Amino acid sequence: MTVIEAQAPVATGRDVEELLRAGGFSRFHRKAVLVTGAAWTFVAMEILLVGFVQTIFTAKWNLNGTWAGLINSSALAGSLFGSLVLGRLADRIGRRTIFQYAILWYAVFTALTAVAWGPWSVMTLRFLAGIGLGGMLVVDPSMLAEYLPPQRRGRMLVFLDFWWPIGLLLATGLSWLYIGHGIGGADSWRWLFLTASFPAFLTFVVRRTLPESPYYLARTGRTDEAARVLTEITGRPVAPGDIEVVDRTRSSIRELFTRALARTDAMMIGVWVALNISYYGFFLWLPFTLSGAKYFQNHVYLLLTLSALSQFPGYAAAIWLVERIGRKPTLAAFLLLGGLSGYAFAAADSSSMYVISLFFVGFFNLTRLGARSGP
């Protein structure tokens, strides 16, 4: 197992925390939340985009269920690989480099999906685009958290999740425009992927204006740069001497898997597996499922819009409940109610039950992630 070697002396992040706390929430933080949130929309878009074009791929290349599943899950496989590799790399070379280029990587391979010529090429390009998504999933929240004052960190990280349904709405709107209205004819799906990649290229340009994490700079002994970044973030002058220098201790990922943490690890892994299987398993196939439902063949886009919109009040409810009764009971309640809503949707036998259960699936299913967010 790789161990981070000791380097002495270097700056501790503790004083960075104190300086950020004293500086409060600034104009810089508003910009950082907006820039990071914009990227969050693209991660969400990816979930629905392939689901919308799955019917086209199935008919065009005569795909069976196995191939449909492989294409649908290829971006998730890439995301797993990207989160492991790019997350580790961000600790070594800095957050900012991965923060910038993960979204560029995603944009390039999303655009290249437009020239796919068969199921193998679509699956490969979606896997490669997913690598960039994985980098964003692990680095973006860390980058934002390391900009924020600790007293606002939890709330702003939950607010970051508010951008997720915006991505779902964009995916639904673009798919309605290109696929629902046949813009581009037989190549409508190609135009869909090209259009979806364009905002990501623009966001890459904007992300270049954000600096390196002050925590990373402090931990690697670059106190002059850390002081300049803290001055930019807080709007107050910070000198290198304001950051205390101490010896760095060794650390290892093994510490997460000690006997003392075994029970906690098992519970957290179980919760995250349940969250991801239920959410991605549901929403990846939702456009395809609704397209084949006899009640809603002509109302797929309206229903998916309803599902996305229901997530906004769900997030608000999660934030309110976390502050009133705590994170654990809120998460437990949303897990239970999200599961019951999914079962009700699967068992629905009328249009009204489909609509009601789908609303609550959106309300409880994704907003469980908001309930688990914290400092």
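Name the residue that is nearest to Leu168 (Cα to Cα), counting only residues in the stretch 311-366 that are polar (S, T, N, Q) and in a helix (DSSP H, G or I).
The first filter runs over the stretch 311-366 and keeps only residues polar (S, T, N, Q), leaving 311, 330, 341, 350-352, 357, 365.
Narrowing further to those that are in a helix (DSSP H, G or I): 311, 330, 341, 351-352, 357, 365.
Details: Gln311: 10, Thr330: 24, Ser341: 19, Ser351: 22, Ser352: 23, Ser357: 18, Asn365: 14 Å.
That would be Gln311.
Report yes if Val35 is touching a residue at least 40 places away in the same chain (Cβ under 8 Å), part of a helix (DSSP H, G or I) and out of contact with any helix residue (DSSP H, G or I) (no Cβ under 6 Å at 6 or more places or on another chain), otherwise no. Let's see the steps before the verdict.
Working: touching a residue at least 40 places away in the same chain (Cβ under 8 Å): yes; part of a helix (DSSP H, G or I): yes; out of contact with any helix residue (DSSP H, G or I) (no Cβ under 6 Å at 6 or more places or on another chain): no.
For Val35, the condition - touching a residue at least 40 places away in the same chain (Cβ under 8 Å), part of a helix (DSSP H, G or I) and out of contact with any helix residue (DSSP H, G or I) (no Cβ under 6 Å at 6 or more places or on another chain) - is not met.
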key: Single residue of Arg96, Arg30 found to be within 26 Å of the chain's Cα centre (by Cα), modelled with pLDDT of 90 or more and surrounded by 19 or more Cβ atoms within 10 Å (Cβ to Cβ)   = Arg96
ask   = How many residues, within the stretch 189-244, are out of contact with any Asp or Glu (no Cβ under 7 Å at 6 or more places or on another chain), closer than 19 Å to Arg21 by Cβ and not in a helix (DSSP H, G or I)?
value = 5
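Return yes when Ile103 is crowded, with 23+ Cβ neighbours inside 10 Å and either under 25 Å from Ile233 (Cα atoms) or outside the structural domain of Met45 (by TED's automatic domain parsing) (or both) and no when it is not.
yes
So which residues in the stretch 311-325 are surrounded by fewer than 22 Cβ atoms within 10 Å (Cβ to Cβ) and of a type outside the set (D, E, K, R)? Break it down into steps so the answer makes sense when it comes.
Step one: filter the stretch 311-325 for residues surrounded by fewer than 22 Cβ atoms within 10 Å (Cβ to Cβ), giving 312-313, 316-317, 319-321, 323-325.
Those that are surrounded by fewer than 22 Cβ atoms within 10 Å (Cβ to Cβ) and of a type outside the set (D, E, K, R): Phe312, Pro313, Ala316, Ala317, Ile319, Trp320, Leu321, Ile325.
Scan the stretch 149-157 and give yes if some residue there is in contact (Cβ under 8 Å) with a residue 12 or more places away in the chain and either closer than 19 Å to Ala102 by Cα or hydrophobic (A, V, I, L, M, F, W, C) (or both), otherwise no.
We begin by selecting, within the stretch 149-157, every residue in contact (Cβ under 8 Å) with a residue 12 or more places away in the chain; these are 149-157.
Checking the rest, the ones that are also either closer than 19 Å to Ala102 by Cα or hydrophobic (A, V, I, L, M, F, W, C) (or both) come to 156-157.
Yes.
The values are calculated or read from the model by the stated rules, or taken from the named source; none is laboratory data. What you see is a predicted model, and the numbers here were worked out from it, not measured in a lab. Heads up, the Cβs are rebuilt from the backbone with ideal geometry, glycines too, and the neighbour counts pull from every protein chain shown.
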